[in-house]
Amino acid sequence: MIDEVYDDAFEPKSTVSLALEERLRFLPGRRSVWKAVGATTTVLLKAYDVHPKQIRDAEREWTMATKLAQSGLKVAKPLFKARHPDGRLGVVFAFLPNGETLHHHVEADTLRKLFQLVAAQHDAGFYQTDNHLGNYLTTHEDIIMLDSGSYQSASEPLGKDKRIQNLAILCATIPLRSRTLIDQSLSGYFEASPSVSDNPSFRDSLAMATRKAANTRLRHYLKKTRRTCTQFVHEEIGGRRWLACRDLSSTLAKELRENPNKFFDGQPLLKDGNTCTVVKLNHGEDSFILKRYNAKRLSYRLSHTFSQPRALSSWSNGHALISFGVATPRPMACYCIYEGPLLKEAYLLMEEMVGVSLRHIPHPERFANAYASLCEELQLLQATHGDMKASNFITTENNSLTLIDLDSFRFHRTKVGYERQAARDRARFFRNWRNSPEVLATFRDART
């Protein structure tokens, strides 16, 4: 890739050759982020495709990155702007080796440093409109701000309400199991911004705003799972709807789309029912579970014309749960085949979950606290499973539980609807142990 380097006035100065090494982020038709190699150094290239808002987006990235750096905030150093002969625009930054996004480092000390950095942003009049853990990079010494183009600036420090709102957007992206760290780590925010008082009112308002932000984030993420983006590929051609993770093997994806039923023919089945058929699938060193939602009679299909396919809801719900840190097998592909407006067959490919069913282990009561923790996570999301039998929980060596079979899973919009179905979930789970009173009592009394 040959880029023409521009100064602040967009006057050509020189040319530079960059070899694209690894794509780090991707928004189709808009922009992509690359690790790139120049003649003497490695850089980060943010490339903007030709589209109506291209110049605005590229200029905003450069201008705000420069402002943030000049304000003394920790941001990757902006190096230069560039233009490719094909019309793409680029903003080039210094590359930070060994950096990892905060998704992989959710500990109390890291969150404390993060809140200190956010406090410095707010005091300087800046705030990140897309405030999530993936937009911060840790180098094990510092936390660096990413995605400068999503920042806004004000002429004075932010007020209390704006601070709470922006903090809540960030806190809503912290995995549910780590939410308890927020309260103890938040002191870093107040230490870095003495003008803001650490009081119950601020913390209570933040907790309430975080719940609201998490609900908004959930709805947006569910929509994201159904379109092409950095994580997923979405195609609809000739009555066939295909959704897949970008890291799914292209060979396996091709085989699934050409003839998904070949993976079931003559193979030992994990489940062979009227509703669905399940098989284990090995591809190279990877193991998957492939679920086929079998064709239904015409009357059933007509009555469900406007219903969402279970394969599709399981795909979206699985990814949404993972985004909040709830353990469930990662869906890898969803394939729906239609005849006109009617669904004929659907397939869901998932990563295999290694472990033993809760139904088949001795002393299941040792997982009582893990069950209580999982229920608390679902409560925070106002979500229910719909079929909480013991075989839908996979146990792991560290005494945690993984939730499987999301066909009846729901995120509820109302508290009343959630509480009604959550009571049914609990009753269904407790029926697993009706012949084991001591085990039942342990699960009933479990607390996180």
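Filtering the range 255-293 to residues that are over 19 Å from residue 344 (Cα atoms), surrounded by fewer than 11 Cβ atoms within 10 Å (Cβ to Cβ) and polar (S, T, N, Q) leaves only 282.
Report yes if residue 245 is of a type in the set (A, V, I, L, M, F, W, C), within 24 Å of the chain's Cα centre (by Cα) and under 30 Å from residue 310 (Cα atoms), otherwise no. Against the criterion (of a type in the set (A, V, I, L, M, F, W, C), within 24 Å of the chain's Cα centre (by Cα) and under 30 Å from residue 310 (Cα atoms)), residue 245 qualifies. For the range 48-57, check the following and say yes or no: at least one residue is buried (at least 20 other Cβ atoms within 10 Å of the Cβ), outside the structural domain of residue 136 (by TED's automatic domain parsing), assigned to a strand (DSSP E or B) and within 24 Å of the chain's Cα centre (by Cα). Yes, the range 48-57 contains at least one residue that is buried (at least 20 other Cβ atoms within 10 Å of the Cβ), outside the structural domain of residue 136 (by TED's automatic domain parsing), assigned to a strand (DSSP E or B) and within 24 Å of the chain's Cα centre (by Cα). Of all residues in the range 59-82, those that are among the basic types (Lys, Arg) and crowded, with 18+ Cβ neighbours inside 10 Å total 2. Filtered by the rule that a residue be touching a Ser or Thr at 6+ places or on another chain (Cβ under 7 Å) and surrounded by fewer than 19 Cβ atoms within 10 Å (Cβ to Cβ), the range 138-152 gives 150, 152.
Residues of the range 169-184 that are surrounded by 19 or more Cβ atoms within 10 Å (Cβ to Cβ), assigned to a helix (DSSP H, G or I) and free of Cβ contacts under 8 Å to residues at least 60 places away in the same chain: 169, 170, 171. Selection within the range 434-448: residues that are in a helix (DSSP H, G or I) and in contact (Cβ under 8 Å) with a residue 24 or more places away in the chain. The member of this set that is farthest from residue 179 (Cα to Cα) is 438.
Give 73, 45 a once-over and let me know the one that is touching a strand residue (DSSP E or B) at 6+ places or on another chain (Cβ under 6 Å) and not aromatic (Phe, Trp, Tyr). After applying the criteria, what remains is 45.
Residues considered: 193, 197, 155, 187. Of these, the only one that is surrounded by fewer than 18 Cβ atoms within 10 Å (Cβ to Cβ), touching a residue at least 40 places away in the same chain (Cβ under 8 Å) and closer than 30 Å to residue 124 by Cβ is 187. The residues listed here are 106, 43; of these, the one that is over 30 Å from residue 191 (Cβ atoms), of a type in the set (A, V, I, L, M, F, W, C) and buried (at least 17 other Cβ atoms within 10 Å of the Cβ) is 43.
Candidates in the range 226-250 are the residues that are free of Cβ contacts under 8 Å to residues at least 40 places away in the same chain and hydroxyl-bearing (Ser, Thr, Tyr); of these, the one that is surrounded by the fewest Cβ atoms within 10 Å (Cβ to Cβ) is 250. Among all residues of the range 245-253, there is at least one that is β-branched (Val, Ile, Thr), in the same structural domain as residue 347 (by TED's automatic domain parsing) and assigned to a helix (DSSP H, G or I).
The values are calculated or read from the model by the stated rules, or taken from the named source; none is laboratory data. Being a predicted model, the structure only gives us computed values, none of them experimental. Glycine gets a Cβ as well: all are built from the backbone with ideal geometry, and neighbour counts include every protein chain shown.
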